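A quick write-up on the structure given underneath.
What follows is calculated from the coordinates using simple rules that are stated; it is not laboratory data. What you see is a predicted model, and the numbers here were worked out from it, not measured in a lab. Glycine also receives a Cβ, built like all others from the backbone with ideal geometry; neighbour counts cover every protein chain displayed.
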Amino acid sequence: MSDGETPEIIELRRKVHVLEQDVQHLVSHDQLTGLLIRSAFLKRVEQHLHTVRDGGQQSAIIEIGIRGIPRITGALGRHVGDYVISALAARLSAILESDRLICRLDYWSFAVFVPQIGDALAALTCAKSLITSLADPIDWVERTLTLDAAAGVALAGKQETDAATLLHRAGLALKAATEKGGPGYAFFNPALEQAAKRKQDVQAALQEAISKQYFSLNFQPYFHSSTGELAGFEALLRLKHPTLGFISPMEFIPVAEESGAIHKIGAWALAEACRVASSWPPNLLVSVNFSPEQFTGGHLLTDVHNALELYSFPAYRLEVEITESTMLGDTEIILSQLNSLRELGCQIVLDDFGTGYSSLSYLWKFPFSKLKIDKSFVQAMDSKPQVKGMLRTILDLARNLGLKVTAEGIETSAQAEMLRSNRCDFIQGYLSGRPVSEADVASVIMTRFAASLKDLKGEVMGASASASVRFEF
């Protein structure tokens with residue numbers, strides 16, 4: 001007992017101390033799971049890292065992502081999702097040793113700090129154990145809820161690595177593991193950080209690309225295979241940044257889709273294609289590629305109406321190209337929008353047919369007017385005779401369904417002749433015409449209307465920005 005303090009004061013001090021501890025626990029722990037929150041986790045990891053570095057030992061952060069939580073929450077309600085998260089947190093606490101720090105990062109991801117992990121093999125063993133445990137089904141009333149997990153591992157040794165950096169690296173590794181699909185794991189490596197930096201640069205470029213006119217369209221011609229006459233052009237989006245240079249669509253489109261910028265970019269590309277095509281002869285079509293994400297924003301029909309009206313462009317001259325992945329979304333919403341576009345007069349084209357999730361039911365459930373055979377089929381038929389049989393089957397199927405067919409990636413006259421002889425409607429590829437700028441489209445049109453493939457006895461001249469390409473069947 002301190003001098004001058006009564007038992008009542010001492011008891012009051014004790015209660016205040018307990019209350020302070022309770023408050024500290026509340027502000028440092030997640031209320032649903034009882035696990036550390038991010039800030040408290042990082043603070044404690046930082047303390048451990050100093051000890052690890054001083055002792056020359058290695059430690060690790062393992063970030064774990066649980067897939068299936070949004071699906072469960074959407075189907076059964078948030079309370080069921082909360083139950084699953086709590087059950088997963090309890091599993092982590094039960095299987096990990098007491099010196100492991102466990103954090104709930106967000107609604108469906110956790111982080112575990114493992115001090116004195118030993119080496120990469122030990123970290124891998126730990127990650128696999130966590131994945132296996134968290135992926136076990138969870139019973140809810142009369143349902144069995146299935147999940148899968150992935151893990152990203154970041155190691156820290158003697159090098160100066162702070163807690164926030166280590167967690168960031170584990171997150172990059174988790175993203176790499178998740179992109180592989182299914183349960184799995186990945187270790188952080190510097191290439192992941194370089195890729196993340198590049199992605200940030202591309203995201204920044206996209207934010208200013210439209211206003212500063214970094215985007216442009218190229219146009220690749222396609223032709224009636226039976227006559228060689230020009231049928232139309234496919235609009236191809238290009239991005240050239242003043243410091244990053246040319247950025248491939250294979251790189252910037254996924255970034256635009258993930259960030260949501262694709263809606264604004266897609267609307268611009270559509271309007272620009274209609275503007276350019278409005279000056280062409282009225283029998284020429286323009287094909288515009290639409291991202292699956294554009295069907296989720298609620299603006300697609302408005303964007304199409306606005307573009308057609310702005311340039312007085314007839315809807316029948318617009319081909320709306322979608323890939324098979326589009327149909328993996330909300331089928332009813334997508335079908336409704338496609339039907340509206342078809343009723344407006346647009347032609348609906350299934351692009352890259354045969355490369356992904358092909359289902360014959362798509363061909364009669366959705367209002368397609370044409371399908372495009374992916375270039376991988378065309379280019380494989382020279383070395384794989386069975387591919388020719390597959391192509392004939394696709395062409396027969398399309399005819400029976402009343403669909404036109406464009407074959408992409410034509411590079412040899414033998415490929416073109418095979419497709420023509422099997423009544424493929426249109427051909428597109430470097431053999432007949434490379435993509436050209438808006439300024440060079442007029443010369444392609446003039447050349448093609450001056451001479452058809454039939455009139456030249458099988459010769460078709462393919463114009464590019466700088467030269468003409470001539471081929472024979």
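Things worth noting here:
- Prolate is the label for segment 24-188. Its Cα gyration tensor axes, ordered a ≥ b ≥ c, give a/c of at least 1.5 and a/b above b/c.
- Dipole magnitude (debye, nearest 20) for segment 206-263, charges at Cβ of Lys, Arg, Asp, Glu: 220 debye
- Total charge dipole magnitude, segment 40-185, about the Cα centre, Cβ charges on Lys, Arg, Asp, Glu only, Debye to nearest 20: 200 debye
- Amide H contacts for Thr412 (H built 1.01 Å from N in the peptide plane; partners 5 or more residues away or on another chain; cut-off under 5 Å): none found.
- Rounded, prolate or oblate (a/c below 1.5 giving rounded, otherwise prolate when a/b exceeds b/c) for the chain by Cα gyration tensor: prolate
- The stretch between Ser340 and Glu46 holds 100.2 nm of extra length on full extension. This uses 0.36 nm per residue minus the Cα-Cα distance.
- Length gained on full extension, Lys212 to Arg198, computed as 0.36 nm times the residue gap minus the Cα-Cα distance: 3.0 nm.
- Ser287 long-range amide H proximity, modeled H, under 5 Å: Phe233, Glu234, Ala235, Glu319
- For the cross-link pairs Lys199/Lys264; Lys180/Lys388; Lys197/Lys240; Lys128/Lys175; Lys175/Lys197, the ones whose C-alpha atoms lie over 22 Å apart are Lys180/Lys388.
- Three principal axis extents of segment 385-437 based on alpha-carbon atoms, in descending order, are 36, 25, 14 Å.
- When the charge dipole of the chain is built from unit charges on Cβ atoms (+1 for Lys and Arg, -1 for Asp and Glu) and taken about the Cα centre, the candidate among Ala176, Thr331, Ala407 whose Cα reaches farthest toward its positive end is Ala407.
- Under the Debye formula (equal points on every Cα, no solvent term), log10 I(q)/I(0) of segment 294-358 at q = 0.14, 0.17, 0.27 Å⁻¹: -0.42, -0.61, -1.26
- Among the trypsin sites (Lys or Arg not before Pro) within segment 159-256, those in coil by DSSP and having at most 13 neighbouring Cβ atoms inside 10 Å are Lys212.
- Derived scalar couplings ³J(HN,Hα) [segment 227-238; Karplus, 6.51 cos²θ - 1.76 cosθ + 1.60; whole Hz; x for Gly, Pro]: 10, x, 6, 5, 9, x, 9, 9, 7, 10, 6, 10
- DSSP bridge pairs, segment 201-471: antiparallel proportion in percent, nearest 5: 50 percent
- Summarising the amide proton neighbourhood of Trp280: residues at separation of 5 or more, or on other chains, whose placed amide H is nearer than 5 Å comprise an empty set.
- The string of couplings for segment 171-180 from the Karplus curve (6.51, -1.76, 1.60, θ = phi - 60°) is x, 5, 5, 4, 4, 5, 5, 5, 5, 5 Hz, one whole number per residue in order, with x for Gly and Pro.
- Rg over Rh [alpha-carbon atoms, Kirkwood Rh] for segment 201-471: 0.95
- Secondary-structure-derived ellipticity at 222 nm for the chain, considering helices only, amounts to -15000 deg cm²/dmol, per-run term -39500 (n - 2.57) for DSSP H runs with n ≥ 4.
- Basic side chains Lys and Arg get +1 at the Cβ, acidic Asp and Glu get -1 at the Cβ, and with that the dipole of the chain about its Cα centre reaches some 1120 debye.
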